[in-house]
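Asker: Structure provided below as structure tokens; questions to follow.
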Amino acid sequence: MWRQSPCGHLTIAWAGERRILDRSVGYVALHRPVVVHPYPGGARVHGVTSVLPEPTELLNRLIQGRPTGPLTHVERVPARCGEPAGWPGWVPAEVRTAFASRGVITPWRHQSEAADLLWGGSNVAIATGTASGKSLAYQLPTLARLVADPRATVLYLAPTKALAADQVRTLVGLDLAGVRAASYDGDTPREEREWIRQYGRFVLTNPDMIHHGILPGHTAWRGFLRRLAYVVVDECHAYRGVFGSHVAHVLRRLRRVAAHYGGRPVFAFASATVGDPAGTAARLAGVPVTAITDDASPRGAVTFALWEPPLLDAGTGDPAAGAGTVPAQRVAADRDAEEHDPDAAPVRRSALRETADLLADSVAHGVRTLAFVRSRRGAEVVASMARRSLDEVAPGLGDQVAAYRAGYLREDRRLLERSLLDGSLTGLAATNALELGIDLAGLDAVLLAGYPGTLASLWQQAGRAGRAGRESLCVLVARDDPLDTYLVHHPAALFRRPVEATVLDPANPYVLGPQLACAAAEMGPLTRADLDLFGGEPAAATVDALVAQGALRQRPTGWYWTQRGRPDVDLRGAGGAPVAVVESATGRLLGSVDRGSSHFLVHPGAVYLHQGASYLVDDLDLDDAVALVHAEEPDFTTHPRDVTSLSVLSVRSYVDAGPVGLFLGEVEVTSQVVGYQRRRVSTGEVIDTRPLDLPERCLRTVAVWWTASPGALGGAGVDPAAVPGALHAAEHAAIGLLPLVATCDRWDIGGLSTAAHPDTDAPTVFVYDGHPGGAGFAERAYEIAGVWLGATRAVIVACGCESGCPSCVQSPKCGNGNSPLDKDGAVRVLDLVLTSLGAT
Ligand SMILES: [Zn+2]
Ligand SMILES: [Zn+2]
């Protein structure tokens with residue numbers, strides 16, 4: 001049965017019919033009801049926005065035909081009325097008029113408060129929701145200053161070029177006389193650079209450009225720096241971990257160099273809602289900061305659904321209850337793409353397949369939808385699965401969906417964004433919100449394939465949906481991962497919890513050393529006062545180490561850089577340039593992967609996906625940072641294996657809790673990707689294991705670890721034979737839950753557990769930062785070990801599986817094939833640790 005929809009555009013097929021009539025292509029088979037909007041020139045789905053279903057209705061349609069109820073919670077985030085405030089009296093008439101001509105009648109209260117503080121000379125962090133108008137809050141005082149003082153200058157930093165480019169467009173569009181906004185980044189032509197240094201007044205750039213260009217070449221910028229009135233740090237929550245720690249020192253170097261010429265800028269920070277925005281911003285720039293967090297902008301209502309894919313019957317790969325809509329071989333392929341360990345029996349339907357289905361359904365409803373997928377491979381797979389489903393409905397319909405991720409060339413990414421905005425595309429599967437241009441907002445629905453790792457990113461990604469006066473839909477699809485499981489069953493942890501603090505550690509010696517070398521090289525010598533600026537005691541210790549290495553020389557006037565040339569420092573701390581992926585036959589640059597991941601993603605023999613196309617890696621040249629590939633669709637997937645060992649270098653702090661010890665300290669981790677398995681796409685069956693000859697990588701970092709005496713473990717009911725599995729299971733779950741308390745994701749951290757470690761002489765579980773020198777994650781875990789391990793225990797106890805699954809104790813990145821694992825033993829170990837620490 002089918003009928004014409006009220007709008008007259010649509011053809012609707014009903015569930016019982018399983019067929020759909022499309023005027024151009026006739027009947028096509030379908031597994032769920034779908035709406036097709038006839039494309040002007042043929043049979044295509046097209047975003048006819050005026051006839052979109054309401055979010056709740058769309059949600060109902062998405063649920064229809066699913067085997068078991070995947071919804072665990074629906075939260076309706078109500079619409080909010082805006083609270084307008086008047087224009088501050090100091091805003092010049094021409095600035096007011098310029099904004100009025102762009103539709104800004106009057107600022108909202110939070111904008112006006114932040115602008116007042118900035119105008120008065122206070123450093124401010126504006127941490128309000130996506131699309132709450134954070135830009136206006138810093139544009140008002142900065143532009144007013146440029147108008148009032150024809151010599152003043154402003155420097156703006158964004159984590160991505162796309163964001164800076166969007167800001168330039170806005171500023172140029174305001175058409176204020178004398179503002180001369182210009183972006184200065186790697187793409188800026190040489191002849192324009194000279195003009196910008198001479199005449200630019202609102203210069204938009206990124207931390208890398210300040211680090212590599214502006215600071216080393218500061219003499220050419222001295223006029224600009226002398227008159228520097230404001231520094232705007234946009235999207236400052238992006239500066240976390242090692243990268244954040246580097247940026248913190250880049251900002252200190254900027255303050256030092258500007259001060260040398262007489263510039264004392266006021267800092268404005270803008271950020272998504274983060275925990276402790278004032279503290280984070282203060283750590284970033286080393287200045288006192290006032291936070292404005294009370295969002296007074298209007299907002300459309302959002303229906304936010306938490307979605308847990310159904311359990312599958314072990315062995316068959318079918319959903320445990322109801323219709324078997326997932327062929328087993330599909331499940332195996334999806335899981336590979338999620339980099340799960342297929343040795344582990346699939347327990348839930350993959351979040352990728354579930355997201356692909358939701359994406360296909362929304363696109364078929366003409367709903368402009370953005371799906372966020374955590375891994376690059378995952379984004380490719382979601383797009384291609386959704387395309388395949390849509391093409392089954394009507395050939396050509398799949399063209400409405402594309403993949404988008406970091407590593408694509410900039411032109412490709414911008415083209416995809418434009419297509420989604422102008423409606424020639426309806427659905428996009430993307431990897432990372434920060435890679436997306438800021439214009440890409442106002443979509444109808446956002447799908448999140450897995451928790452993005454932090455509440456700040458969750459709200460930022462969700463914020464891509466929703467236009468004034470319209471309701472939007474956001475669906476979080478849980479992956480089978482301990483943190484995701486915890487969150488879809490504890491909605492209060494998502495909707496009624498202050499967001500986690502951004503973690504960064506400017507005292508990391510691996511960051512501090514290179515940064516102090518840069519500071520001494522660009523404007524020597526370093527003085528005692530400079531050391532205070534860079535953190536005091538840790539900076540003094542680091543300078544001594546640099547002297548001992550011969551990089552600096554101490555003279556009565558301070559510390560001097562002794563080398564020719566400048567230090568080569570990468571702000572991402574990943575060590576070296578990203579690896580370019582090049583097609584040998586054509587020389588075409590397909591994309592890039594960061595060096596740290598290159599051993600895993602583009603080792604010789606690896607299968608590499610780009611825009612849904614498959615390539616095989618012929619060679620990985622680590623010296624030249626190039627991976628050579630050729631196009632090939634093999635019937636196997638590849639899975640790297642690594643071996644890891646760890647030694648304790650020093651203990652920074654510890655808690656002696658009788659039979660249990662909790663420690664924080666420095667460790668050295670040695671790991672090597674030693675080989676890879678090839679597995680058949682269709683079944684997941686292992687074809688063979690091949691060795692790889694990649695160099696060992698050595699990591700000095702910070703770890704948190706706990707030990708338990710064998711006697712106490714025995715007393716807690718863990719007999720000696722069960723100890724390795726119990727510790728291993730507790731380690732996996734603890735790594736999975738760490739992102740609940742610190743802004744990291746499980747890929748930023750590593751772990752190791754052993755029934756006897758030579759350095760601790762006891763059964764031990766280590767959890768370490770995956771970055772040289774540490775990034776603050778282990779430290780945070782140590783500080784709130786009770787909360788962290790308590791949540792870890794809760795997730796294992798609550799998991800309905802029999803003996804461990806990816807939602808509790810299995811890990812997708814286990815180098816040991818998830819063996820041995822003892823789920824019950826893990827609970828006993830954690831009980832012992834929590835009781836001993838007095839945390840229960
Ligand atoms: Zn489980
Ligand atoms: Zn493991």
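The values are calculated or read from the model by the stated rules, or taken from the named source; none is laboratory data. Note that the structure is predicted; figures quoted are calculated from it, not measured. We place every Cβ from the backbone using ideal geometry, glycine too, and count neighbours over all the protein chains shown. Keep in mind that these areas ignore ligands, DNA and RNA; they rest on the heavy atoms of the full protein, side chains included. Shrake-Rupley method; radii C 1.70, N 1.55, O 1.52, S 1.80 Å.
Asker: When only C-alpha pairs under 8 Å and at least 6 residues apart count, what is the relative contact order of the range 81-239, in percent? Provide the component values of the computation, followed by the final result.
Answerer: Values: 206 pairs, mean separation 38.6, N = 159.
It comes to 24 percent, rounded to a whole number.
Asker: Something else: Label the range 541-688 by shape, choosing from rounded, prolate and oblate, from the square roots a ≥ b ≥ c of the eigenvalues of the Cα gyration tensor; if a/c is under 1.5 it is rounded, and otherwise prolate applies when a/b is larger than b/c, oblate when it is not.
Answerer: Cα axes put the range 541-688 in the oblate bin.
Asker: Note down the nm distance, to one decimal, between modelled labels 7 Å out along Cα→Cβ at residue 761 and at residue 798.
Answerer: Spacing of the two 7 Å Cα→Cβ label points: 4.0 nm.
Asker: Additional query: Grab the beta carbon distance between residue 441 and residue 261, set R0 = 45 Å, and tell me the FRET efficiency rounded to 0.05. Write down the numbers at each step before the final one.
Answerer: On the way: r = 39 Å, r/R0 = 0.86.
The value I calculate is 0.70.
Asker: Right, something else. Counting only protein heavy atoms, what percent of the accessible surface of the range 343-398 is carbon or sulfur at a 1.4 Å probe?
Answerer: Within the range 343-398, the accessible surface is 53 percent carbon and sulfur.
Asker: Using 0.36 nm times the number of residues separating residue 191 and residue 563, minus their current alpha carbon distance, what extension gain do you get?
Answerer: 130.9 nm
Asker: Could I ask something else about it? With a/c under 1.5 counting as rounded, go ahead and sort the range 732-840 into rounded, prolate or oblate using the C-alpha gyration tensor (a ≥ b ≥ c being the square roots of the eigenvalues; past the cut-off, prolate if a/b is larger than b/c, else oblate). Please list the in-between numbers first.
Answerer: Numbers: a/c = 1.23, a/b = 1.17, b/c = 1.05.
It comes out rounded by the Cα gyration axes.
Asker: What's the ranking of 357-367, 104-114 by average number of surrounding C-beta atoms within 10 Å, highest first?
Answerer: 357-367, 104-114
Asker: Further, regarding this structure: Order these peptides, 210-216, 716-722, by their mean beta-carbon neighbour count within 10 angstrom, highest first.
Answerer: Values: 210-216: 21.1, 716-722: 16.4.
The packing order, highest mean first, is 210-216, 716-722.
Asker: Evaluate 2.2 N^0.38 Å with N set to the residue count of the range 527-621, then give the Cα radius of gyration divided by it.
Answerer: 1.70
Asker: Still on this model: Residue 685 versus residue 547, label points 7 Å from Cα toward the beta carbon: distance in nm?
Answerer: Each label point lies 7 Å from its Cα, and together they span 6.8 nm.
Asker: Related question: Write down the accessible area per residue of the range 147-296 in Å², having rolled a 1.4 Å probe over the full set of protein chains.
Answerer: Working: 5030 Å² over 150 residues.
That works out to 34 Å² per residue.
Asker: I've got another one for you. So, how do all the Cα-to-Cα distances of the range 639-683 break down into 10 Å bins, in percent, from 0 on up?
Answerer: 21, 28, 22, 17, 11, 1
Asker: Separate question: Based on alpha-carbon atoms only, what is the radius of gyration of the range 112-226 relative to the globular estimate 2.2 N^0.38 Å?
Answerer: On the way: Rg = 14.1 Å, N = 115, 2.2 N^0.38 = 13.4 Å.
This ratio for the range 112-226 stands at 1.06.
Asker: Something else about it: Would you please give the residues with an amide H less than 5 Å from that of residue 312, counting only those at least 5 places away or on a separate chain, with H modeled from the backbone geometry?
Answerer: Under 5 Å from the amide H of residue 312 lie the amide H atoms of 320, 348, 349, each far enough along the sequence or on another chain.
Asker: If you roll a 1.4 Å probe over the range 159-257 with all protein chains in place, what percent of the accessible area is carbon or sulfur?
Answerer: Answer for the range 159-257 is 45 percent, counting heavy atoms of protein chains only.
Asker: What is the gain in length, in nm to one decimal, between residue 622 and residue 528 on full extension, counting 0.36 nm per residue of separation less the C-alpha to C-alpha distance? Walk me through the numbers before you get to the answer.
Answerer: On the way: separation 94, 0.36 × 94 = 33.84 nm, distance 4.01 nm.
Difference between extended and current length: 29.8 nm.
Asker: Would you mind telling me the share, in percent, of accessible area of the range 764-815 contributed by carbon and sulfur at probe 1.4 angstrom?
Answerer: Roughly 49 percent, rounded to a whole number.
Asker: Related question: What is the packing order of peptides 414-425, 242-253, 116-127, taking the mean over residues of other C-beta atoms within 10 Å and listing the highest first?
Answerer: The most tightly packed comes first, giving 242-253, 116-127, 414-425.
Asker: Any chance you could run the full-extension gain for residue 219 through residue 198? It's 0.36 nm times the residue separation minus the Cα-Cα distance, nm to one decimal.
Answerer: Working: separation 21, 0.36 × 21 = 7.56 nm, distance 1.15 nm.
Roughly 6.4 nm would be gained on extension.
Asker: Please list 801, 698 from largest to smallest accessible area, probe radius 1.4 Å, with all protein chains kept in place.
Answerer: Output order, biggest surface exposure first: 698, 801.
Asker: Between residue 644 and residue 101, what's the calculated FRET efficiency when r is the beta-carbon distance and R0 is 45 Å? Round to 0.05.
Answerer: E(calc), rounded to 0.05, equals 0.15.
Asker: For a quick check: with amide H placed at 1.01 Å from N, whose amide H comes under 5 Å from residue 480's, ignoring anything fewer than 5 positions away on the same chain?
Answerer: Here 351 satisfy the definition.
Asker: If you roll a 1.4 Å probe over the heavy atoms of the protein chains, what accessible area per residue do you get for the range 694-753, in Å²?
Answerer: Values: 1710 Å² over 60 residues.
Here the per-residue accessible area is 29 Å².
Asker: Let me ask you something else. Within the range 387-421, what residues put their amide N at less than 13 Å from the label point 7 Å along the Cα-to-Cβ vector of residue 588?
Answerer: 409, 412
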